[in-house]
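The values are calculated or read from the model by the stated rules, or taken from the named source; none is laboratory data. Owing to the predicted nature of the structure, the values given are computational and were not obtained by experimental measurement. All Cβ positions, glycine included, derive from the backbone under ideal geometry; neighbour counts span all protein chains shown. The area values use the complete protein model at the heavy-atom level, side chains included, leaving out ligands, DNA and RNA. Shrake-Rupley method; radii C 1.70, N 1.55, O 1.52, S 1.80 Å.
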Amino acid sequence: MLLTSIQACMESVMARAIVRTVEAPKPALGKHDWLSAALRMLVRDGVDAVQITRLARVLEVTRGSFYWHFKDRADLLDSILEEWRAANSGVIAGTLANTGSLTEGVLALFKIWVDDETFSPLLDQAIRDWARRSEHVKSAVRREERDRVLAIARFFEKHGYGAGEAFVRARVIYFTQVGYYALNIKESMTTRMELLEDYYRTFTGREIDPALAAAFRRDVQAGDAA
């Protein structure tokens, strides 16, 4: 009888330990919540700050619930890289693929880069900072940079530019924008819009339709006012 009682007690303790270790997540908490919190932490404090215990504290859950969505911290970091690819790289190729003219595509690129909801320069910078400390991430960044430039180059080729010129123009337009982020250039949207025709001419070697330029300015200003 005593042995049975001790066995039952041990089973009860083990069951409670398992529940504490692998706790079911809160109903409203999903993988996206963990990932969003990790991305915010990465952008704000760097990759070293992205720790399971710290994330659990921010989300007000136990560490155990993390393992319902990720195998370990390495799995989370891989998911962060995938999210970055989808959010910042995928949007460039996807946007250009859905444009019908040279002007429409170039202006769509401009719009991506002035809209933090569409393209996050802070996330890009955080990933590049991480890449300085990780060969794996450095390789991923190099691949993504190459793919972004190639997507823009293919777009230029589609609109009549030779392969070499398309590639160089793609690098010029892309590296110019990266330079804005890397140098943390603070420039009002009004100033950037005043230079729209000059930017377009420099990047394409052609003149922009004044009506399309005016419509783009109105669109950007409306977004700024919203």
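Suppose a student asked you for the relative contact order of the chain, using Cα pairs under 8 Å spaced at least 6 residues apart; what percent would you report?
Rounded, it is 14 percent for the chain.
How big is the convex hull of the Cα atoms of the range 62-125, per residue, in Å³? Each step should come with its number before you reach the end.
Numbers: hull volume 6.6 nm³, N = 64.
Dividing the Cα hull volume of the range 62-125 by its residues yields 103 Å³.
Loop only per DSSP, at most 12 neighbouring Cβ atoms within 10 Å: give me the GluC sites (Glu not before Pro) in the range 57-121, ordered by residue number.
For GluC sites (Glu not before Pro) across the range 57-121 that sit outside H, G, I, E and B with at most 12 neighbouring Cβ atoms in 10 Å, the list reads Glu60, Glu117.
Work out, step by step, the length gained on full extension between Ala86 and Asp72: first 0.36 nm times the residue separation, then minus their alpha carbon distance; give nm to one decimal.
Extra length available between Ala86 and Asp72 comes to 2.9 nm.
Per residue and in Å³, how big is the convex hull formed by the alpha-carbon atoms of the chain? Don't skip to the answer; put the middle values down first.
Numbers: hull volume 36.4 nm³, N = 226.
Given the Cα convex hull of the chain, per-residue volume reads 161 Å³.
Compute the helix-to-body angle for 163-182: its Cα long axis versus the longest principal axis of the chain, expressed 0 to 90° and rounded to tens.
60 degrees
Add +1 for every Lys or Arg and -1 for every Asp or Glu among the other residues with Cβ under 13 Å from the Cβ of Val149, and state the total.
That works out to +3.
What are the extents of the Cα atoms of the range 84-159 along their three principal axes, listed from largest to smallest and rounded to whole Å?
Rounded to whole Å, the extents work out to 41, 25, 14 Å.
What is the extension gain from Gln125 to Ala182, computed as 0.36 nm multiplied by their sequence separation minus the C-alpha to C-alpha distance, in nm to one decimal? If you can, show how the numbers build up before the last one.
Working: separation 57, 0.36 × 57 = 20.52 nm, distance 0.74 nm.
Gain on extension, Gln125 to Ala182, equals 19.8 nm.
Using a probe radius of 1.4 Å on heavy atoms only, what accessible surface per residue do you get for the chain? Whole Å² is fine.
For the chain, the per-residue accessible area is 57 Å².
What percent of all Cα-Cα pairs in the range 73-200 falls into each 10 Å bin, going from 0 up to the bin containing the maximum distance?
11, 42, 34, 12, 1
Along Cα→Cβ, 7 Å out, is where each label goes; now give me the distance between the ones at His32 and Glu60 in nm to one decimal.
2.0 nm
How big is the gap, in Å, between the Cα center of the range 91-115 and the Cα center of the range 154-208?
The two parts, judged by their Cα centres, are 11 Å apart.
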